[in-house]
Amino acid sequence: MGYRYILLILTCKILFGQLSITGSLKPTGMFRISDQSRMDLPFRLAELKLGYTMGDFDFMLNSAVEHRWGENNPVFDLREAYIVWFPNWGEIKFGKQIHAWGVADGNNPTDNLNAYDYYFMFLSGTDRKLGSLSAAMTIYWGDWQLEGVIIPDHIPNRMPFNEPDFPFQISEPSKSDATDKTLPYEKIENPIEYGLRLKTTVGETDVGISYFNGKDRSFSLLGVDTFNIIKIDPKIGYRETSVFGLNVVTFIDDITIRAEAGYFTTENNYQESWFQYYDTKAEYVQYVIQFEYRTVSSSTIGAQLIGNHVLNAVGQTVDLLTMDQTTLNTDNFIPGLGTPFAMIAEQSLSISGSETFFDESLELNYNLLINLEEKGQMVGINAAYSLIENWSIDGSVSYFKGDDKPENSFEQLEDFSHFQFQLAYSF
């Protein structure tokens, strides 16, 4: 009889828990400015978020359906599915989740726990990230907050291989023989990754330090093996990289200042007996300084200084133009971990803002990205108009301009200049 009462109590708790459901349907069209041709890249046609609260527990689910025009094969993506427990001293989370470290908007050199989805690189926040199975624990003690995260398996960036409509043409590494099969990535012997973050408040300033130890999210050439004089077997994999991070948020009157910096150390530690092993070691720094001002009418304007600087790089690598072996240095080293926008230019300036009109029925956003090292800029404008309740129509333009040098990243982005339309229904 006692078991029946226990079952009844549990059933009542489940039935009387709090359920929240939000989602959207967003058919989107993207067209190239140069010739108005449609760009066939995937977009998130539908999104659904579920949250269920029962006592000290939350159950969270975040899913999406990816679609590509011209194909009748939508792909379901379970982006997050995790449980949260809220004891009186903090919180514990377990499951597939996207972590949000860093304090700047969109560009976070200290936020490296999750891989990037390069198909959605121009979206903001967690929308550009991939979820991973992980466990996280946060402890609160007065003004202090300590967080630890363990990720049992390495998840790499999702790369748009062989996509003619993507701005950077990326070919998946393949064997050099006649079979032309995709190369397998080298197995990671110890895939466990972990991170620690400590935050506190000093006066009106939030300060945080962090440490992450894991593997690169983008692959690198680790070495080569030789079958004979003609056939070469490249070895592709992920270097081990650690990051020390510093975050600061403070205020001066109506101006919010956000700053973060990451110090990266990376090395190829596979130690395999290949014909040629590239003993790569490097140190680099990425940083973001952001100023944001909000007016009394709720409009905002902000600026970000974004930088990437390679301090030291030693070892051997391959010249991607000549495919000859060459010495690794600070000029040809390519980071495999960090914020993608810091890798487009050594130093860049981003200016952005937003304004609302007609009782907030129309929202206008604009941004300008300027390459401070070489000629190049990007101009973006987005307008969203609320038609009726839950319905809106969005339109945006992104225009890139470089110079005539093929190695200039903004020159490669020129053909990606596009305009986009989206009809959105939210619930």
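The values are calculated or read from the model by the stated rules, or taken from the named source; none is laboratory data. Everything numeric in this text was worked out from a predicted model, so none of it was measured. Heads up, the Cβs are rebuilt from the backbone with ideal geometry, glycines too, and the neighbour counts pull from every protein chain shown.
Structure values in brief
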item: Residue 129 being surrounded by 15 or more Cβ atoms within 10 Å (Cβ to Cβ), basic (Lys, Arg), at pLDDT 95 or above and under 24 Å from residue 167 (Cβ atoms); result: yes
item: Lone qualifier among 139, 209, 155 - being within 22 Å of the chain's Cα centre (by Cα), modelled with pLDDT of 90 or more and farther than 29 Å from residue 352 by Cα; result: 155
item: Unique match (being more than 24 Å from residue 299 (Cα to Cα), out of contact with any His (no Cβ under 8 Å at 6 or more places or on another chain) and of a type in the set (A, V, I, L, M, F, W, C)) among 357, 416; result: 416
item: Whichever residue in region 75-91 is loosely packed, with under 15 Cβ neighbours inside 10 Å and aliphatic (A, V, I, L, M) and, among such residues, is nearest to residue 145 (Cα to Cα); result: 83
item: Unique match (being polar (S, T, N, Q), buried (at least 19 other Cβ atoms within 10 Å of the Cβ) and farther than 28 Å from residue 20 by Cβ) among 114, 62, 107, 72; result: 107
item: Matching entry among 249, 310 (being more than 25 Å from residue 194 (Cβ to Cβ), surrounded by 17 or more Cβ atoms within 10 Å (Cβ to Cβ) and not acidic (Asp, Glu)); result: 310
item: Positions within region 383-427 being at pLDDT below 85 and surrounded by fewer than 16 Cβ atoms within 10 Å (Cβ to Cβ), in sequence order; result: 403, 404, 405, 406, 407
item: Residue count for region 165-188, restricted to those that are assigned to a loop (DSSP other than H, G, I, E, B) and either among the hydrophobic types (A, V, I, L, M, F, W, C) or modelled with pLDDT of 85 or more (or both); result: 8
item: Of the criteria (1) part of a strand (DSSP E or B); (2) touching a helix residue (DSSP H, G or I) at 6+ places or on another chain (Cβ under 8 Å), which one residue 405 fails; result: (1)
item: Some residue of region 230-247 being over 20 Å from the mean Cα position of the chain (by Cα) and at pLDDT 95 or above; result: no
item: Residues of region 313-359 satisfying the condition of being surrounded by fewer than 15 Cβ atoms within 10 Å (Cβ to Cβ), charged (D, E, K, R) and either touching a residue at least 24 places away in the same chain (Cβ under 8 Å) or closer than 25 Å to residue 217 by Cβ (or both); result: 319, 331
item: Check on residue 248, in contact with a strand residue (DSSP E or B) (Cβ under 6 Å, 6 or more places away or on another chain), assigned to a strand (DSSP E or B) and closer than 19 Å to residue 218 by Cβ; result: no
item: Test result for residue 373, touching a strand residue (DSSP E or B) at 6+ places or on another chain (Cβ under 9 Å) and either surrounded by fewer than 15 Cβ atoms within 10 Å (Cβ to Cβ) or part of a loop (DSSP other than H, G, I, E, B) (or both); result: yes
item: Tally, over region 379-420, of residues that are of a type in the set (Gly, Ala, Ser), within 18 Å of residue 31 (Cβ to Cβ) and within 22 Å of the chain's Cα centre (by Cα); result: 4
item: Close pairs (6 angstrom Cβ cut-off, 6 or more residues apart or separate chains): in contact (Cβ under 8 Å) with a residue 24 or more places away in the chain and on the phi > 0 side of the Ramachandran plot in region 387-405, of a type outside the set (Phe, Trp, Tyr) and loosely packed, with under 15 Cβ neighbours inside 10 Å anywhere; result: 390/426
item: Close pairs (7 angstrom Cβ cut-off, 6 or more residues apart or separate chains): on the phi > 0 side of the Ramachandran plot in region 106-120, outside any helix (DSSP H, G or I) anywhere; result: 106/124
item: Answer residue from region 159-172, given it is surrounded by 15 or more Cβ atoms within 10 Å (Cβ to Cβ) and either touching an Asp or Glu at 6+ places or on another chain (Cβ under 7 Å) or not hydrophobic (A, V, I, L, M, F, W, C) (or both) and is nearest to residue 96 (Cα to Cα) among those; result: 160
item: Test: residue 302 is over 26 Å from the mean Cα position of the chain (by Cα), modelled with pLDDT of 85 or more, over 23 Å from residue 408 (Cβ atoms) and among the small types (Gly, Ala, Ser); result: no
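Listed here are the residues, each with its yes/no results for (1) of a type outside the set (Ser, Thr, Tyr); (2) at pLDDT 95 or above; (3) over 14 Å from the mean Cα position of the chain (by Cα); (4) closer than 30 Å to residue 211 by Cα.
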| site | (1), (2), (3), (4) |
| --- | --- |
| 41 | yes, no, yes, no |
| 53 | no, yes, yes, no |
| 65 | yes, yes, yes, no |
| 83 | yes, yes, yes, yes |
| 96 | yes, yes, yes, yes |
| 122 | yes, no, no, yes |
| 125 | yes, no, no, yes |
